[in-house]
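Asks: Can you keep this structure in mind? I'll have questions shortly.
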Amino acid sequence: MIERAAAATETGPRQWPVARASEIAPGERQFVDVKGHSISVFNVNGEFIAVLNICPHELAPVCRGKVRGTTLPSPPGEYRWGRVREILACPWHGWEFDLLTGKALADERVRLRRYPVTVTDDVISIML
């Protein structure tokens with residue numbers, strides 16, 4: 001467990017240590033609570049992504065959804081699968097989000113709320 005001490009200014013955003021990088025394997029996530037916000041930290045092929053646990057479509061707990069791939073553009077009659085461990089599917093209505101950008105696959109104007117992440121000496125911190 002990481003001590004929840006903030007290290008920054010009193011008025012602006014702060015770095016909040018939330019997890020250890022070694023505890024979140026690729027394709028996995030860890031739920032954390034920071035200042036009353038439910039946030040999940042995902043390990044997307046070695047890159048750590050922090051996402052607010054609210055779907056912009058219908059306010060579902062989006063981070064409880066499956067992390068998977070999606071179909072890729074392909075010729076008629078073919079189905080190519082890719083982007084494995086990069087796509088988060090909302091558990092309520094199946095909306096798919098690109099974890100690397102936060103954008104919904106169906107409508108790029110709709111995005112997940114993401115937070116900046118840093119990793120120092122195995123400690124993952126998010127800016128909030």
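Asks: Sort through 84, 110 and tell me the only one that's in contact with a Lys or Arg (Cβ under 8 Å, 6 or more places away or on another chain), surrounded by fewer than 19 Cβ atoms within 10 Å (Cβ to Cβ) and under 27 Å from residue 22 (Cα atoms).
Replies: Working: 110 fails: under 27 Å from residue 22 (Cα atoms).
Exactly one of 84, 110 is in contact with a Lys or Arg (Cβ under 8 Å, 6 or more places away or on another chain), surrounded by fewer than 19 Cβ atoms within 10 Å (Cβ to Cβ) and under 27 Å from residue 22 (Cα atoms), namely 84.
Asks: Still on this structure: Looking only at strands (runs of 3 or more DSSP E) that fall completely inside region 74-128, which ones have 2 or more residues that are under 18 Å from residue 27 (Cα atoms), in contact (Cβ under 8 Å) with a residue 12 or more places away in the chain and small (Gly, Ala, Ser)?
Replies: Counting at least 2 such residues, we get 80-89.
Asks: Is one or more of the residues making up region 47-56 outside any strand (DSSP E or B) and touching a Pro at 6+ places or on another chain (Cβ under 6 Å)?
Replies: Going through region 47-56, the residues outside any strand (DSSP E or B) turn out to be 53-56.
Still in the list and also touching a Pro at 6+ places or on another chain (Cβ under 6 Å): 53.
Yes, the conditions are met somewhere in region 47-56.
Asks: If you don't mind, another one. Out of the residues in region 72-96 that are of a type in the set (Phe, Trp, Tyr) and touching a Pro at 6+ places or on another chain (Cβ under 9 Å), which is farthest from residue 50 (Cα to Cα)?
Replies: Per the criteria, the residue is 92.
Asks: Of these, 70, 11, which one is touching a residue at least 24 places away in the same chain (Cβ under 8 Å) and farther than 16 Å from residue 113 by Cα?
Replies: 70
Asks: Give me the pairs: first residue in region 21-43 and assigned to a strand (DSSP E or B), second residue hydroxyl-bearing (Ser, Thr, Tyr), beta-carbon distance under 6 Å, and six or more apart or on different chains, which are they?
Replies: 29/40; 31/40
Residue-by-condition table, conditions (1) closer than 26 Å to residue 122 by Cβ; (2) under 14 Å from the mean Cα position of the chain (by Cα); (3) charged (D, E, K, R):
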site	(1), (2), (3)
11	no, no, no
18	yes, yes, no
23	yes, no, yes
26	yes, yes, no
30	yes, yes, no
75	no, no, no
78	no, no, yes
83	no, no, yes
90	no, yes, no
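Asks: Could you tell me which numbered condition residue 72 fails, if it satisfies all but one of (1) at pLDDT 95 or above; (2) surrounded by fewer than 17 Cβ atoms within 10 Å (Cβ to Cβ)?
Replies: Residue 72 satisfies every listed condition except (1).
Asks: Hey, can you tell me all the residues within region 1-25 that are exposed (fewer than 15 other Cβ atoms within 10 Å of the Cβ) and at pLDDT 55 or above?
Replies: 10, 11, 12, 13, 22, 23, 25
Asks: Another question, then. Based on this model, can you work out whether residue 67 counts as modelled with pLDDT of 95 or more, under 22 Å from residue 19 (Cα atoms) and crowded, with 18+ Cβ neighbours inside 10 Å?
Replies: yes
Asks: Looking at residue 89, is it farther than 23 Å from residue 116 by Cβ, crowded, with 16+ Cβ neighbours inside 10 Å, at pLDDT 95 or above and among the aliphatic types (A, V, I, L, M)?
Replies: So residue 89 passes the test.
The values are calculated or read from the model by the stated rules, or taken from the named source; none is laboratory data. Remember, it's a predicted structure, so these values are computed and weren't measured experimentally. Positions of Cβ are generated from backbone atoms using ideal geometry, with glycine treated the same way; all protein chains shown enter the neighbour counts.
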